[in-house]
Amino acid sequence: MSANAATRKKLYIKTYGCQMNSYDTKRMEDILRPLGYDAAQDAVNADMVILNTCHIREKATDKVFSDLGRIRLLKTAKEKQGGQMVVAVAGCVAQAEGDVILSRARYVDMVFGPQTYYQLPEMVAKITGAYGAERIINTDFPIEEKFDHLPQENQVTGPAAFLSIQEGCDKFCTFCVVPYTRGAEYSRAASDILAEAARLIAGGARDITLLGQNVNAYHGRGSDGSVWSLARLLQELQNMDGIERLRYTTSHPCDVTDDLIAAHRDLPKVMPYLHLPVQSGSDKILKAMNRKHTAQSYFDTIDKFRTARPDIALSSDFIIGFPGETDDDFAQTYQMVEQIGFAAAYSFKYSARPGTPAANMQNLVREDVKDQRLQSLQSLIQKQSESFNQSFVNSQVSVLIDDFNAPEMRLHGRTPHNQSVHINLKPSDNVAGNISPTLPSAISPLPQRLVGQTLPVRTTSAGVMALHGSLVVA
Ligand code: 5AD
Ligand code: SF4
């Protein structure tokens, strides 16, 4: 082992919640790598453990506190052997409850919010220099500086990568903590985004998902000095060699513009997939949520997307049991799902978040009623996902391969509609199914090379979560 390898340290980051947190985790790994930290898959014997947390719902927050208990045991074990383990809580729980964490969990060394992790080198120097003597809390909101300080090296990535273009939210839906934990809406300059896209492509990315809490509210400074919309940015990315697929998430119905809808019609790299949370099908509840749109305006927006791109796969988020939600309100949500037909959708029981206006509302819905409604909506959504996936069986789909599982001889990838596809590589399976010709006999060096390629796949079966198929070999 070289001296350098011997002195490298083990870093474990656990990511909770949304894709924005996954993006932030990758950037924290990039920042810590030059300081000697290599990312690992578990916390055992780690030199640094970071919990990159989510505050959006009660469940996610509770999980952080129970995980911290386990990390404490690992830290104590390491210290008994004379070692050190720096424990940090990052992300939105840190932002919202930093002081509570520091007073409740004496073994936590650092607490920092989502906008300050670019200051990790200084924080790490302080904490490792005077280990045990100092604890750090850093929950400022300098979003611009965060993006200005991201590492500029080519990014090591899989074929599918996230690129954060916008952060924060000014919408103030009454149930949501995001405006408080992530701060005001901020759009990165287009030139920075295009430069990061080039680095992602150089690192192997082919399918790029643009991220933002309100991604379609994007209004960044364009390369020509004017203000660019999300559609304008997509147009520029469309022209970059190396990018095959473009997606964006999460959008707000009020920020859907005609040029964005047209992008789905005119830009071949913009995938036929849209996640557009509606939260409820009842105007009364939408008003109480401060969503600033109606059920009808959502239907109209969906119609426009479907006219522009008839095969578009739709996804949404729903909150079940918001204060004041009656059987009739819920029935309107259910009917909306029936009427639209989603390829996928996520539904959550409402949970009161401290500091949000809805946390003070009366007329709470009973937990057992919430459970019943959730179950009924989820079973409808599952049926819709399954029938959406089944409509692709016995057809050819184009799959960007993102993983090879050697023991199982299985490839994994995604379709343009964002469906997960499992591809069984056993030649006998292919023959038995009589779907595609037998794969080349020298199969072993082949599969790993297929990662990052977009290949035709014949689908053989489908379930709620995924398609199954075999490679179409020319
Ligand atoms: N309770 C339940 N679900 C929530 N979400 C946001 N806040 C809450 C809450 N207090 C859901 C919304 C949002 C998704 C990311 O999480 O549906 O779109
Ligand atoms: Fe939260 Fe509403 Fe902003 Fe989405 S639009 S992040 S739900 S406040």
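The values are calculated or read from the model by the stated rules, or taken from the named source; none is laboratory data. Note that the structure is predicted; figures quoted are calculated from it, not measured. Neighbour counts are summed over all protein chains in view; Cβ atoms, including those assigned to glycine, are modelled from backbone coordinates with ideal geometry. For accessibility, only protein heavy atoms count, side chains too; no ligands or nucleic acids. Shrake-Rupley method; radii C 1.70, N 1.55, O 1.52, S 1.80 Å.
Taking R0 as 60 Å, what FRET efficiency do you get between residue 262 and residue 77 from their Cβ-Cβ distance, rounded to the nearest 0.05? Taking R0 as 60 Å, the efficiency between residue 262 and residue 77 is 0.55.
The residues 245, 70, sorted by heavy-atom accessible surface at 1.4 Å with ligands and nucleic acids left out, run 70, 245 from largest to smallest.
Among 276, 74, the sequence by solvent-accessible area, most first, with a 1.4 Å probe is 74, 276.
Under 5 Å from the amide H of residue 218 lie the amide H atoms of 230, each residue being 5 or more positions distant or on a separate chain, with H modelled from the backbone and absent for Pro and chain starts. Near residue 313, the amide H atoms lying under 5 Å from its own belong to 273, 274; only residues 5 or more places off or on other chains count, and H is placed 1.01 Å from N. Relative to the current alpha-carbon distance between residue 465 and residue 152, full extension at 0.36 nm per residue lengthens the span by 109.1 nm.
Maximal additional length on extending the residue 306-residue 283 stretch stands at 6.0 nm, based on 0.36 nm per residue less the C-alpha distance.
Legend: translational diffusion of segment 178-313 by Stokes-Einstein, Rh = Kirkwood radius over C-alpha pairs, 37 °C, 0.692 mPa s; D = 206 µm²/s. For residue 84, no residue whose modelled amide H falls within less than 5 Å of its own remains once neighbours fewer than 5 places apart on the same chain are excluded.
Structural size metrics of segment 1-135, computed from C-alpha coordinates, are Rg and Dmax of 14.1, 46 Å. If you roll a 1.4 Å probe over the chain with all protein chains in place, what percent of the accessible area is carbon or sulfur? Of all accessible area on the chain, carbon and sulfur atoms account for 51 percent.
For segment 279-291, putting each phi into the Karplus relation 6.51 cos²θ - 1.76 cosθ + 1.60 with θ = phi - 60° gives couplings of 6, 7, x, 9, 4, 4, 6, 4, 5, 5, 7, 6, 7 Hz, in residue order, rounded to whole numbers and with x for Gly and Pro. Across segment 68-111, the fraction of Cα-Cα pairs farther apart than 14 Å, rounded to a whole number, is 47%. Based on alpha-carbon atoms, the Kirkwood radius and the radius of gyration of the chain give Rg/Rh equal to 0.97. Working from Cα pairs under 8 Å separated by at least six residues, relative contact order for the chain is 9 percent. Spacing of the modelled spin labels on residue 254 and residue 239, each 7 Å from Cα toward Cβ, amounts to 3.3 nm.
Solvent exposure of residue 246, expressed as accessible area, is near 0 Å², computed with a probe of 1.4 Å over the protein chains only.
Rg/Rh for segment 59-134 (Cα atoms only, Rh after Kirkwood) is 0.96. Work through the residues other than residue 252 whose Cβ is under 9 Å from its Cβ and net out their charges, Lys, Arg +1 and Asp, Glu -1. Spelling it out: positives minus negatives among the neighbours equals +2. Extension gain for the segment residue 104 to residue 219, taken as residue separation times 0.36 nm less the Cα-Cα distance, is 37.3 nm to one decimal.
These residues, 134, 122, go from largest to smallest accessible area, 1.4 Å probe, as 122, 134. In plain terms, the bigger the Kirkwood radius, the slower the diffusion; for segment 217-275, with that radius from Cα pairs, at 20 °C and 1.002 mPa s, Stokes-Einstein puts D at 179 µm²/s. Here the Karplus relation 6.51 cos²θ - 1.76 cosθ + 1.60, evaluated at θ = phi - 60°, turns the backbone of segment 162-179 into coupling constants of 9, 9, 7, 10, 8, 9, x, 7, 10, 7, 6, 4, 5, 8, 10, 8, 4, x Hz, with x for every Gly and Pro.
Two decimals is fine: what is log10 I(q)/I(0) at q = 0.11, 0.14, 0.21 Å⁻¹ for segment 286-394, from a Debye sum with one equal scatterer on every Cα and no solvent? Log10 of I(q)/I(0), two decimals: -0.40, -0.63, -1.21.
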